[in-house]
Amino acid sequence: MARRKQNTAYRQPATSRPAIIVYSIAAVLALAGLGDALYLTVLHLTGQSAVCGGSPSCSQVLASKYAHIGPVPVALLGMLGYFSVFSFAIFSVFNYWRATVLMRITVWVMFAAALLLLYLQAFVIHAFCRYCLFSAAITFLLTGLVVAIPAQSLTPKARP
(Lines give C-alpha, C1' and ligand atoms only; values in the text may rest on other atoms or scores of the structure.)
Protein backbone atom coordinates (compact mmCIF):
# COMPACT_ATOMS: atom_id res chain seq x y z
CA MET A 1 0.00 0.00 0.00
CA ALA A 2 1.17 3.47 -0.78
CA ARG A 3 1.47 5.86 2.11
CA ARG A 4 -0.58 8.99 1.89
CA LYS A 5 1.25 12.25 2.19
CA GLN A 6 0.19 14.37 5.11
CA ASN A 7 -1.28 17.66 4.13
CA THR A 8 0.90 20.10 6.02
CA ALA A 9 -0.08 23.15 3.98
CA TYR A 10 -2.47 24.38 6.66
CA ARG A 11 -0.25 23.66 9.62
CA GLN A 12 1.32 26.59 11.35
CA PRO A 13 5.00 26.26 12.17
CA ALA A 14 5.77 25.41 15.75
CA THR A 15 6.55 28.12 18.27
CA SER A 16 10.29 28.69 18.54
CA ARG A 17 12.16 27.33 21.53
CA PRO A 18 13.12 30.78 22.92
CA ALA A 19 9.48 31.90 22.67
CA ILE A 20 8.34 28.76 24.51
CA ILE A 21 10.82 29.51 27.29
CA VAL A 22 9.63 33.13 27.57
CA TYR A 23 5.96 32.10 27.63
CA SER A 24 6.69 29.41 30.23
CA ILE A 25 8.49 31.89 32.47
CA ALA A 26 5.57 34.30 32.04
CA ALA A 27 3.13 31.55 33.06
CA VAL A 28 5.12 30.74 36.21
CA LEU A 29 5.40 34.43 37.14
CA ALA A 30 1.67 34.86 36.57
CA LEU A 31 0.99 31.94 38.93
CA ALA A 32 3.11 33.60 41.62
CA GLY A 33 1.20 36.86 41.16
CA LEU A 34 -2.08 34.95 41.18
CA GLY A 35 -1.21 33.42 44.54
CA ASP A 36 -0.36 36.83 46.00
CA ALA A 37 -3.54 38.43 44.65
CA LEU A 38 -5.65 35.47 45.80
CA TYR A 39 -4.28 35.82 49.34
CA LEU A 40 -5.08 39.54 49.45
CA THR A 41 -8.53 39.00 47.94
CA VAL A 42 -9.44 36.37 50.52
CA LEU A 43 -8.22 38.65 53.31
CA HIS A 44 -10.25 41.55 51.97
CA LEU A 45 -13.43 39.53 51.53
CA THR A 46 -13.20 37.85 54.95
CA GLY A 47 -12.24 41.05 56.77
CA GLN A 48 -9.02 39.61 58.19
CA SER A 49 -5.78 41.53 58.44
CA ALA A 50 -2.68 40.48 56.53
CA VAL A 51 0.30 38.90 58.23
CA CYS A 52 2.84 41.62 57.49
CA GLY A 53 5.51 40.75 60.03
CA GLY A 54 4.57 43.55 62.38
CA SER A 55 4.66 46.23 59.72
CA PRO A 56 1.86 48.73 60.34
CA SER A 57 2.32 50.30 56.91
CA CYS A 58 1.13 47.11 55.22
CA SER A 59 -2.17 47.17 57.10
CA GLN A 60 -2.45 50.90 56.42
CA VAL A 61 -2.27 50.32 52.65
CA LEU A 62 -4.64 47.35 52.65
CA ALA A 63 -7.20 49.27 54.74
CA SER A 64 -7.03 52.45 52.64
CA LYS A 65 -9.82 53.67 50.40
CA TYR A 66 -7.60 52.83 47.40
CA ALA A 67 -7.67 49.10 48.20
CA HIS A 68 -11.06 48.73 46.53
CA ILE A 69 -13.06 50.21 43.69
CA GLY A 70 -16.59 50.35 44.99
CA PRO A 71 -17.25 46.92 46.49
CA VAL A 72 -14.57 45.23 44.34
CA PRO A 73 -11.13 44.75 45.92
CA VAL A 74 -8.21 45.81 43.73
CA ALA A 75 -6.61 42.44 44.53
CA LEU A 76 -9.53 40.71 42.78
CA LEU A 77 -8.78 42.70 39.63
CA GLY A 78 -5.16 41.63 40.01
CA MET A 79 -6.30 38.02 40.29
CA LEU A 80 -8.22 38.33 37.04
CA GLY A 81 -5.23 39.95 35.36
CA TYR A 82 -2.75 37.32 36.51
CA PHE A 83 -5.09 34.47 35.57
CA SER A 84 -5.55 36.02 32.12
CA VAL A 85 -1.79 36.36 31.62
CA PHE A 86 -1.30 32.74 32.72
CA SER A 87 -3.96 31.54 30.28
CA PHE A 88 -2.66 33.64 27.40
CA ALA A 89 0.91 32.47 28.01
CA ILE A 90 -0.16 28.82 27.88
CA PHE A 91 -2.14 29.40 24.67
CA SER A 92 0.84 31.26 23.20
CA VAL A 93 3.05 28.22 23.74
CA PHE A 94 0.65 26.33 21.49
CA ASN A 95 0.99 29.02 18.82
CA TYR A 96 -2.25 30.94 19.24
CA TRP A 97 -1.09 34.33 18.03
CA ARG A 98 -4.17 36.16 19.31
CA ALA A 99 -3.34 34.97 22.81
CA THR A 100 0.08 36.58 22.45
CA VAL A 101 -1.49 39.89 21.46
CA LEU A 102 -4.02 39.69 24.30
CA MET A 103 -1.24 38.82 26.76
CA ARG A 104 0.72 41.90 25.69
CA ILE A 105 -2.32 44.15 26.11
CA THR A 106 -3.15 42.68 29.52
CA VAL A 107 0.42 43.03 30.79
CA TRP A 108 0.66 46.67 29.64
CA VAL A 109 -2.63 47.49 31.41
CA MET A 110 -1.33 45.75 34.54
CA PHE A 111 1.93 47.72 34.24
CA ALA A 112 0.02 51.02 34.12
CA ALA A 113 -2.09 49.95 37.12
CA ALA A 114 1.03 48.94 39.08
CA LEU A 115 2.60 52.35 38.41
CA LEU A 116 -0.56 54.08 39.62
CA LEU A 117 -0.74 51.95 42.76
CA LEU A 118 2.94 52.54 43.52
CA TYR A 119 2.36 56.27 43.13
CA LEU A 120 -0.58 56.09 45.56
CA GLN A 121 1.48 54.18 48.11
CA ALA A 122 4.45 56.52 47.89
CA PHE A 123 2.83 59.94 47.59
CA VAL A 124 -0.72 59.66 48.88
CA ILE A 125 -0.80 56.92 51.54
CA HIS A 126 2.89 57.33 52.53
CA ALA A 127 3.17 53.63 53.31
CA PHE A 128 4.15 50.49 51.44
CA CYS A 129 2.63 47.01 51.48
CA ARG A 130 5.01 44.08 50.98
CA TYR A 131 2.40 42.10 49.08
CA CYS A 132 1.67 45.04 46.80
CA LEU A 133 5.38 45.55 46.13
CA PHE A 134 5.70 41.84 45.32
CA SER A 135 2.82 42.13 42.87
CA ALA A 136 4.38 45.22 41.27
CA ALA A 137 7.70 43.37 40.91
CA ILE A 138 5.96 40.43 39.23
CA THR A 139 4.18 42.84 36.89
CA PHE A 140 7.45 44.58 36.01
CA LEU A 141 9.06 41.21 35.26
CA LEU A 142 6.11 40.24 33.06
CA THR A 143 6.45 43.55 31.24
CA GLY A 144 10.12 42.79 30.61
CA LEU A 145 9.19 39.41 29.20
CA VAL A 146 6.53 40.94 26.96
CA VAL A 147 9.15 43.31 25.59
CA ALA A 148 11.45 40.30 25.02
CA ILE A 149 8.89 38.39 22.95
CA PRO A 150 9.92 38.57 19.30
CA ALA A 151 7.72 40.73 17.08
CA GLN A 152 7.33 37.99 14.45
CA SER A 153 5.40 35.90 16.99
CA LEU A 154 2.68 38.56 17.00
CA THR A 155 1.62 38.23 13.40
CA PRO A 156 -0.44 35.33 12.11
CA LYS A 157 1.54 32.90 10.03
CA ALA A 158 0.78 33.06 6.33
CA ARG A 159 -0.58 29.86 4.92
CA PRO A 160 1.13 28.75 1.71
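The values are calculated or read from the model by the stated rules, or taken from the named source; none is laboratory data. Just so we're clear, the structure is a prediction, and the values are computed from it rather than from any experiment. No Cβ is skipped: glycine too gets one built from the backbone with ideal geometry, and neighbour counts run over all protein chains shown. The area values use the complete protein model at the heavy-atom level, side chains included, leaving out ligands, DNA and RNA. Shrake-Rupley method; radii C 1.70, N 1.55, O 1.52, S 1.80 Å.
Enter the accessible area per residue of region 21-160 (Å², integer; probe 1.4 Å; all protein chains in place). Spell out each step's value before the answer.
On the way: 7720 Å² over 140 residues.
That works out to 55 Å² for each residue.
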Rounded to one decimal in nm, the spacing of the 7 Å Cα→Cβ label points at CYS52 and ILE105 is 3.5 nm
Taking the dipole of region 1-140 about the Cα centre (Lys, Arg +1; Asp, Glu -1; charges at Cβ), the one of ASN95, PRO71, SER135 that reaches farthest to the positive side is ASN95
Label model pair SER64, ALA32: point-to-point distance (7 angstrom along the Cα→beta-carbon line) in nm is 2.4 nm
With +1 at each Lys and Arg Cβ and -1 at each Asp and Glu Cβ, the charge dipole magnitude of region 17-159 around its Cα centre, to the nearest 20 debye, comes out at 440 debye
Note: LEU115 to SER24 extended length (0.36 nm per residue) minus current alpha-carbon separation gives 30.3 nm
